[in-house]
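A short reminder: the numbers here are calculations on the coordinates, not readings from a lab. Note that this is a predicted model, so its numbers are computed, not measured. All Cβ positions, even for glycine, are placed from backbone atoms using ideal geometry, and neighbour counts span all protein chains on display.
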Amino acid sequence: MANNDSIKKTFIVATVLCIVCSVIVSSASVMLKPMQSANKALDFKRNILMAASLYDESKSVEELFEQISIKVVDLETGKFTDAVDAAKYDQRKAAKDPALSESLDKTVDVAGLGRLENYSYVYIVENANGGIEKLILPIRGYGLWSTLRGFIALESDLNTVVGLGYYEHGETPGLGGEVDNPMWKAKWHGKKVYGSRDEVLLSVIKGSVSSDTPDAEHKVDGLSGATLTSNGVDNMLKFWLGENGFAPFLNNLKKGEA
């Protein structure tokens with residue numbers, strides 16, 4: 001009678017089980033990928049809506065997102081462009097593609113980007129007259145452990161902050177991860193980006209902002225115990241709202257030349 005406890009049979013059974021389990025896991029991954037991609041795209045749109053204070057839990061994300069127009073801007077000229085297809089353009093991949101991006105000199109790369117894509121998406125909410133009611137800009141920059149990716153939304157004056165939020169980061173929970181805290185995000189509403197000479201004054205300070213803080217309208221509380229993450233947020237705002245980021249585009253919009 002054959003010995004069912006032999007090493008050979010044990011090895012065969014274990015191998016077959018491994019193969020079967022691998023097939024099941026792989027099949028599940030393939031089948032779930034479209035659903036995962038759809039959920040990721042939905043979450044991306046939800047974060048845009050939340051930054052612009054347009055999110056309403058009683059309505060679907062897709063329904064709410066219909067009020068937003070997606071356009072592409074040439075970051076060098078600061079003007080809208082059709083050089084790339086807005087429906088197919090992958091800004092994240094473009095930032096790594098030498099044909100679609102440029103290496104940043106360390107003297108200007110305060111956000112730790114490495115490379116800057118030539119074209120960027122912008123998200124626009126138009127008013128009844130076709131003018132800009134709200135403008136949502138994608139921003140990113142390095143914090144303590146990770147690249148934070150998110151959005152900053154501006155009012156029609158292109159200077160007053162509607163909101164700021166991040167959809168992706170790897171900062172320490174309870175410290176740098178407090179960028180997700182609704183109480184901290186609420187502090188951005190109503191802050192002003194630029195000074196009288198169009199310089200970026202919006203900043204994250206060490207400590208808290210009070211009514212006695214000089215230029216309080218340009219300042220937001222730092223994250224307690226997360227100096228490097230706070231500095232990262234500050235640096236990315238300086239970059240993306242400055243001359244190497246969206247400032248040329250915002251200036252063109254103000255002049256009606258975008």
Count, please, the residues in the range 57-116 that happen to be more than 24 Å from Leu148 (Cβ to Cβ) and among the polar types (S, T, N, Q).
6
How many residues does the range 122-146 contain that are surrounded by fewer than 19 Cβ atoms within 10 Å (Cβ to Cβ), within 21 Å of Val179 (Cβ to Cβ) and not hydrophobic (A, V, I, L, M, F, W, C)?
1
Would you please name the residue that is surrounded by the most Cβ atoms within 10 Å (Cβ to Cβ), looking only at residues in the range 108-121 that are out of contact with any helix residue (DSSP H, G or I) (no Cβ under 6 Å at 6 or more places or on another chain) and in a loop (DSSP other than H, G, I, E, B)?
Leu113
For the range 46-62, give me each residue that is assigned to a helix (DSSP H, G or I) and under 15 Å from Leu137 (Cβ atoms).
Asn47, Ile48, Leu49, Met50, Ala51
Output the residue which, of all residues in the range 182-241 that are without any contact (Cβ under 8 Å) to a residue 24 or more places away in the chain and surrounded by 18 or more Cβ atoms within 10 Å (Cβ to Cβ), is farthest from Leu49 (Cα to Cα).
Val209
Just name the residue that is surrounded by the fewest Cβ atoms within 10 Å (Cβ to Cβ) out of those in the range 53-77 that are among the acidic types (Asp, Glu) and out of contact with any Phe, Trp or Tyr (no Cβ under 7 Å at 6 or more places or on another chain).
Glu57
